[in-house]
Amino acid sequence: MRQQKLEAEVVVVGGGLAGVSASLAAARNGASVLLVQDRPVLGGNTSSEINVHAGGADQDGHRPHAREAGIIEELRLEDAVRDPRAVPVMWDLTLYNAIRQEPRITLLLNTAVRGAKVVDGKIVAIEALRTSTDEGFEIEAPVFIDTSGDGWLGYFAGADFRQGREGPDEHGEPHAQGPDNITLGASLMFLAQDTGKPVDFTPPSWAKCFPECEPLAKRWRHPELDRHGFWWNELGGTFDLTRDTEQVRDELLATLLGLWDHIKNHCPKCAEKARTWELTWFGWLPGKRETRRLLGDHIMTEADVVEARLFEDRVAHGGWPIDLHPPWGVYDDAPPATMIELPDMYSIPLRALYSRNVGNLLFAGRCISSTHVAFGTTRLAATGAAMGQAVGTAAAMCAKRAVGPRQVAERHVRELQELLMRQDQYILDLAAEDAADLARTAKVTATSEAEGAEAENVVNGVTRWRKGESNQWASADGAALPQGIELKWAEAKAVRELHFTFDSGFERGLSHTQYPYSLERQVRGPQPETVRDVRIEAWIDGAWRFVAAVKGNYQRKRVVRLKDAVKAEAVRAVVEATNGDERAKVFEIRAYE
Ligand SMILES: Cc1cc2nc3c(=O)[nH]c(=O)nc-3n(C[C@H](O)[C@H](O)[C@H](O)COP(=O)(O)OP(=O)(O)OC[C@H]3O[C@@H](n4cnc5c(N)ncnc54)[C@H](O)[C@@H]3O)c2cc1C
């Protein structure tokens with residue numbers, strides 16, 4: 001086998017949504033990044049190999065204004081425009097394209113990490129294998145991120161971890177049902193469609209046979225004829241899903257095809273309608289929910305999420321209910337999921353995103369430091385992506401300053417939070433106060449204002465509706481575009497960079513999904529609220545001068561970099577068109593030298 005030595009400032013292991021976000025964040029903050037992914041596509045559970053709905057804190061639009069911002073929002077908006085019908089492989093492409101466009105990232109697909117070299121409590125190198133090119137890799141870096149879902153890098157490096165459910169006394173959790181080794185299971189799902197003409201389905205001999213409805217219905221698992229199902233075709237909670245995946249896959253295939261056989265050939269309720277339906281895809285790679293949870297300086301608990309604790313070192317947020325599943329999955333007598341509703345969003349501290357005993361290891365996504373109960377909500381795909389952005393940014397900071405993540409949490413966390421907010425990460429109930437932002441010292445006025453959406457809101461440091469406050473400037477109802485907003489200083493400032501945070505419709509859901517009912521509620525395309533065309537002018541020597549224009553925008557965050565700084569007493573943004581809304585809406589404007 002050919003051997004290669006590689007190095008980078010940040011190495012990310014696992015290219016699910018958490019790993020993609022972490023890689024983009026680290027690279028955009030100046031680090032050279034190596035992203036190692038053992039599959040041919042990016043996206044992990046949300047990829048076309050598994051087809052999990054990429055949900056998050058906004059509960060698919062049911063908790064308005066809670067959606068993650070930052071990198072995951074950028075990817076969602078890109079996907080909604082390039083992939084209006086939410087075709088599974090187009091999401092893979094959206095992620096691949098984002099990574100490929102980033103010159104500081106080297107992507108190793110089809111490459112599995114299988115070992116780590118640790119010296120004095122720190123990973124110095126990892127070992128990886130790519131059989132498609134007959135290559136083994138030794139990859140060195142000062143900082144590593146484990147986004148493998150299963151916590152493989154942590155495991156190879158000897159990081160403390162936990163698998164299974166805690167007992168109620170361990171962290172005082174009312175819903176803890178352990179201690180034991182039970183986890184949430186893995187699932188195989190399908191896609192199906194109505195072809196308009198009869199289609200037969202003959203199950204393989206090894207498929208399970210469910211001839212009657214009653215036993216399935218009694219167990220809350222009678223299948224409906226659906227285009228995408230069934231997340232509850234789940235098994236493995238009583239297995240070890242780091243070791244038994246092949247066996248679990250075989251069993252899940254047998255139940256999946258048995259359930260489809262029931263719909264097509266046995267069910268008096270569905271069979272007639274299902275005559276013209278066919279399976280167009282089903283998974284071969286079990287989507288895993290829970291395996292190892294690597295332990296950090298803080299372990300997130302039920303109380304943290306139920307009481308919505310605001311951690312000083314919060315760097316990401318969540319908001320999905322605590323969503324727990326019974327141990328025997330599709331064979332369990334209990335309902336497939338129990339939801340414990342959360343009153344509000346909650347915050348995720350940096351201390352839950354790095355290892356307590358491996359000095360240069362951060363993590364995000366499924367393998368973070370949380371109890372089984374808290375994991376019921378932290379495991380959401382977009383929540384993991386938000387964590388990914390946080391740890392990627394923190395890792396770039398670690399690499400630049402030659403410090404470990406614990407030092408970032410202890411000494412530099414406010415700086416990290418500011419940097420994250422500058423890049424549109426949402427930090428729950430923390431207002432940005434970036435001293436370098438010139439907009440903060442400007443007087444802000446607008447050509448018109450809607451009530452409760454005044455011009456000064458664009459410098460209040462908050463970039464979404466929260467607690468009834470709009471935190472945005474919106475032009476008045478009935479005032480036709482163009483509408484302008486102006487920042488004016490007492491004395492001229494050198495301005496080279498302007499940041500805009502537009503409205504992208506956080507009151508609705510938006511995610512890559514195969515669920516028809518979720519897709520129907522989304523706008524697949526540019527979001528109508530988002531500013532499309534804006535002209536930027538600067539007041540120089542007693543006159544407004546054109547300095548830049550944004551055309552055809554559909555992103556929430558837009559950074560406009562001028563070739564040369566302008567020395568201006570004022571700048572104004574004139575919104576000429578949106579993607580549908582009659583009003584101009586802007587959450588934030590920042591200005592930098
Ligand atoms: C059936 C099912 C339904 C779900 N429903 C929802 C839902 O409706 N909404 C929602 O938001 N979430 C849902 N989830 C949870 C969600 O999918 C996951 O928690 C989330 O996607 C985890 O993201 P991640 O990036 O942490 O890990 P993953 O998506 O697991 O990605 C990790 C990646 O790392 C790779 N990897 C692993 N080991 C190695 C290695 N040694 N070397 C290199 N690469 C490696 C893996 O192949 C994988 O691609 C569901 C999960 C399942 C299984």
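Every number in this text was worked out from the coordinates using simple rules, so none of it is lab data. For clarity, every value in this text was computed on a predicted model and none was experimentally measured. All Cβ positions, even for glycine, are placed from backbone atoms using ideal geometry, and neighbour counts span all protein chains on display.
Using Cβ-Cβ distances only, list the Cys residues of the chain with no partner cysteine under 4.7 Å, sorted by number.
209, 213, 367, 398
Between residue 238 and residue 565, 0.36 nm times their residue separation minus their Cα-Cα distance comes to what?
111.6 nm
Once Rh is set to the Kirkwood radius over Cα pairs, what Stokes-Einstein translational diffusion coefficient, in µm²/s, holds for segment 438-592 at a temperature of 10 °C and a viscosity of 1.306 mPa s?
For these conditions, the coefficient is 99 µm²/s.
Filter the trypsin sites (Lys or Arg not before Pro) in segment 38-110 down to the DSSP loop ones having no more than 15 other Cβ atoms within 10 Å, then list what survives.
85
Need one number: convex hull volume per residue for segment 76-232, Cα atoms only, in Å³.
It is 257 Å³ per residue.
With charges only on Cβ, +1 for K and R and -1 for D and E, what is the dipole size of segment 438-592 about its Cα centre, in debye, rounded to 20?
Value, rounded to 20: 680 debye.
Among the listed pairs 467/567; 467/493; 467/557, which have their C-alpha atoms separated by more than 26 angstrom in this model?
467/567; 467/493
Could you work out the local net charge near residue 1, counting Lys and Arg as +1, Asp and Glu as -1, over the other residues with Cβ closer than 15 Å to its Cβ?
Computed value for this residue: 0.
Which chymotrypsin sites (Phe, Trp or Tyr not before Pro) from segment 172-259 combine a DSSP loop assignment with at most 13 other Cβ atoms within 10 Å?
206
Compute, for segment 186-288, the length of the dipole vector about the Cα centre, with Cβ point charges of +1 (Lys, Arg) and -1 (Asp, Glu) only. Units Debye, rounded to 20.
200
Could you give each residue of segment 99-113 its phi-based ³J(HN,Hα) in whole Hz, using Karplus coefficients 6.51, -1.76, 1.60 with θ = phi - 60°, and x for Gly or Pro?
5, 5, 6, 9, x, 7, 9, 9, 9, 10, 7, 6, 10, 9, 7
Mean residue ellipticity at 222 nm from the helices of the chain, using -39,500 (n - 2.57) per DSSP H segment of n ≥ 4 over the full residue count, to the nearest 500 deg cm²/dmol?
Helix contribution divided over all residues of the chain: -6000 deg cm²/dmol.
Pick out, from 452, 386, 409, the residue whose Cα sits farthest towards the positive end of the charge dipole of segment 363-452, with +1 on the Cβ of Lys and Arg and -1 on the Cβ of Asp and Glu.
Value computed over the given set: 409.
Taking 25 °C and 0.890 mPa s as the conditions, I'd like the Stokes-Einstein D for segment 84-146 in µm²/s, using the Kirkwood hydrodynamic radius from alpha carbon pairs.
175
According to the Kirkwood expression over distinct Cα-Cα pairs, how big is the hydrodynamic radius of the chain, in Å?
One decimal place: 25.1 Å for the Kirkwood radius.
So, in Å, what gap is there between the alpha-carbon centers of segment 318-353 and segment 506-554?
Spelled out, the Cα-based centre of one part sits 33 Å from the other.
Just to check, using Stokes-Einstein with a Kirkwood Rh over alpha carbon pairs, what's the diffusion coefficient of segment 261-410 at 20 °C and 1.002 mPa s in µm²/s?
Approximately 122 µm²/s, per Stokes-Einstein.
Would you compute, for the Cα atoms of segment 186-288, the largest minus smallest coordinate along each principal axis and list the three values in descending order, in whole Å?
Reported extents, whole Å, longest axis first: 42, 28, 23.
Distance between the C-alpha centers of segment 212-268 and segment 113-136? Whole Å please.
37
When DSSP assigns beta bridges and you keep just the ones with both residues in the chain, what percent turn out antiparallel, to the nearest 5?
Around 75 percent antiparallel, to the nearest 5.
List the residues whose amide H sits under 5 Å from the amide H of residue 591, counting only those 5 or more places along or on another chain, with H placed 1.01 Å from N in the peptide plane.
438, 439, 440, 499
Using Cα-Cα distances under 8 Å and only pairs 6 or more residues apart, what relative contact order does the chain have, in percent?
Rounded, it is 18 percent for the chain.
Could you calculate the FRET efficiency of residue 3 with residue 285 from 1/(1 + (r/R0)^6), where r is the beta carbon distance between them and R0 is 30 Å, rounded to 0.05?
After rounding to 0.05, the efficiency reads 0.55.
With +1 on the Cβ of every Lys and Arg and -1 on the Cβ of every Asp and Glu, and nothing else charged, how large is the dipole of segment 244-376 about its Cα centre, in debye rounded to the nearest 20?
Dipole size: approximately 320 debye.
Between residue 517 and residue 134, what FRET efficiency comes out of the Förster formula 1/(1 + (r/R0)^6) with R0 = 41 Å and r the beta carbon distance, rounded to 0.05?
For residue 134 and residue 517, the calculated efficiency is 0.30.
For a test of understanding, tell me how many lysine pairs in segment 186-288 have Cα atoms under 25 Å apart, given they are 8 or more places apart or on different chains.
Taking segment 186-288 as the scope, the lysine pair count is 12.
What's the percent breakdown of Cα-Cα distances in segment 1-112 across 5 Å bins, shortest bin first?
2, 12, 21, 23, 19, 12, 7, 3, 1, 0, 0
From a point 7 Å beyond the Cα of residue 170 in the direction of its Cβ, which residues of segment 354-372 have a backbone N at a distance under 16 Å?
Within reach of a label on residue 170: 356, 367-372.
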